[in-house]
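Please read the structure below before turning to the comments.
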Amino acid sequence: MRILGIETSCDETSVAIVEGQGERVRLKAQLTNSQMKEHAKFGGVVPEVAARRHVEFLMPMLERVVTRDGKGIDAIAVTYGPGLVGALRVGVESAKTLATIWDKPLIGVNHLEGHIYANWLDRTARQKPIVFPALCLIVSGGHTEIIFMPRHGMYELVGETRDDAAGEAFDKVAKMLGLGYPGGPEVAKMALKGDEKRFDLPRPMLDSDDFDFSFSGLKTAVLYTIRELKKNPSAKTKADLCASFQAAAVGVLVGKTTRAIEQMKPKTVLLGGGVSANVQLRKKLGNAIKKSSPKTLYVIPPMKYTTDNAGMIAAAGYFKLLRDETSDPLTLEADPNLSL
């Protein structure tokens with residue numbers, strides 16, 4: 001079964017074809033055009049610019065991965081939320097048109113659902129199969145959530161951020177330190193050269209009785225620390241501050257997730273979202289699971305599937321099609337505030 005995926009929720013235009021059989025999903029083709037450099041000069045994504053670039057790039061990219069008659073495609077999966085409304089509409093309206101012209105099933109996919117299903121892409125026969133129930137930590141620039149997943153397509157919110165998402169905090173700290181955009185990778189790179197114990201930064205809500213997060217206080221603590229330095233920090237000080245911030249943020253993410261694992265006892269833990277590319281998060285969460293729940297399978301997506309991509313949307317669409325969860329091309333609309 002072959003699924004065409006379309007992703008235009010933010011500043012990446014992406015199209016892909018995946019082939020699914022049973023629990024196996026293989027990427028057959030993918031093209032992604034990132035607008036990162038264009039938006040970097042503004043210090044963040046400009047929604048109107050992003051939407052215009054999707055209009056410019058999407059159709060030529062589709063022509064490179066699929067024939068004009070849609071031959072060989074069994075269904076079309078598209079991100080319909082959450083995200084930037086103008087950007088989402090470009091992908092949704094294009095997918096609706098193709099589904100109508102080709103007479104193919106249309107599958108609306110939640111972007112967060114895509115990040116979860118990135119973990120199914122290209123798993124080999126040597127790797128242990130993903131088994132349910134699963135616990136998913138989704139960490140990105142716009143979302144920080146712990147999701148309990150009893151089976152395919154069923155999601156229960158366990159905890160979420162009450163203010164800033166973890167990825168947003170990384171970006172804002174990078175901006176405070178003049179590290180450029182996107183900030184997350186720059187902070188992680190600087191942190192490699194720093195001493196994470198130099199600055200005593202808070203771990204907000206680490207000891208609360210729930211599984212929610214808060215990163216605004218941590219971000220503010222970094223701001224106050226910079227002000228207390230009273231002069232432009234040296235490269236070494238910036239590295240130490242990045243390392244201390246990253247240790248605090250990752251510590252909260254790992255601590256909360258580990259407690260959720262101990263309480264809910266999933267058979268698998270999945271990591272997803274842009275911040276899942278953070279090496280320290282991947283490593284420290286894995287070590288914590290190995291120590292506290294050694295029988296729990298820990299699955300992380302390949303690095304190339306951590307950023308926004310159409311392969312993960314097509315993978316999620318494949319499993320939705322198996323459950324006959326299709327969308328009506330006449331009524332599917334972009335939903336920038338869509339929840340999982």
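A few notes on this one:
- Strands (runs of 3 or more DSSP E) completely within the range 62-169 that count 2 or more residues being in contact with a Cys (Cβ under 9 Å, 6 or more places away or on another chain) and surrounded by fewer than 24 Cβ atoms within 10 Å (Cβ to Cβ): 144-149
- Verdict on Leu223 being outside any helix (DSSP H, G or I) and farther than 16 Å from Cys136 by Cα: no
- Within the range 86-123, being within 20 Å of Asp335 (Cα to Cα) and hydrophobic (A, V, I, L, M, F, W, C) holds for Ala87, Leu88, Val90, Val92, Ala95, Leu98, Ala99, Leu106, Ile107, Val109, Leu112, Ile116.
- Answer residue from the range 202-220, given it is touching a Gly at 6+ places or on another chain (Cβ under 8 Å) and not acidic (Asp, Glu) and is surrounded by the most Cβ atoms within 10 Å (Cβ to Cβ) among those: Phe213
- Residue within the range 234-242 that is small (Gly, Ala, Ser) and buried (at least 19 other Cβ atoms within 10 Å of the Cβ) present: yes
- For the range 284-305, the condition of being crowded, with 23+ Cβ neighbours inside 10 Å, over 28 Å from Thr258 (Cα atoms) and in contact with a Leu (Cβ under 6 Å, 6 or more places away or on another chain) holds for none of the residues.
- Residue in the range 277-296 that is in a helix (DSSP H, G or I), closer than 20 Å to Arg203 by Cα and over 24 Å from the mean Cα position of the chain (by Cα) present: no
- Residue list for the range 71-89, restricted to those being without any contact (Cβ under 8 Å) to a residue 40 or more places away in the chain and within 24 Å of Glu19 (Cα to Cα): Lys71
- Residue under evaluation Leu223, criteria (1) surrounded by fewer than 21 Cβ atoms within 10 Å (Cβ to Cβ); (2) under 24 Å from the mean Cα position of the chain (by Cα); (3) touching a residue at least 40 places away in the same chain (Cβ under 8 Å), criterion not met: (2)
- Of residues in the range 10-38 being in a helix (DSSP H, G or I) and over 19 Å from the mean Cα position of the chain (by Cα), the one surrounded by the fewest Cβ atoms within 10 Å (Cβ to Cβ): Lys37
- Taken together, Ala243, Ala277 contain a single residue that is under 26 Å from Asp11 (Cα atoms), among the hydrophobic types (A, V, I, L, M, F, W, C) and in contact (Cβ under 8 Å) with a residue 40 or more places away in the chain, which is Ala277.
- Conditions (1) free of Cβ contacts under 8 Å to residues at least 60 places away in the same chain; (2) closer than 30 Å to Glu186 by Cβ; (3) touching a helix residue (DSSP H, G or I) at 6+ places or on another chain (Cβ under 8 Å): number failed by Phe57: (3)
- Subset of the range 260-276 [surrounded by fewer than 19 Cβ atoms within 10 Å (Cβ to Cβ) and either assigned to a helix (DSSP H, G or I) or touching a Lys or Arg at 6+ places or on another chain (Cβ under 6 Å) (or both)]: Glu262, Gln263, Met264
Coordinate-derived values only; no laboratory data. Everything numeric here is computed off the predicted structure, so don't read it as measured data. Virtual Cβ from ideal backbone geometry, glycine too; neighbours counted across all protein chains shown.
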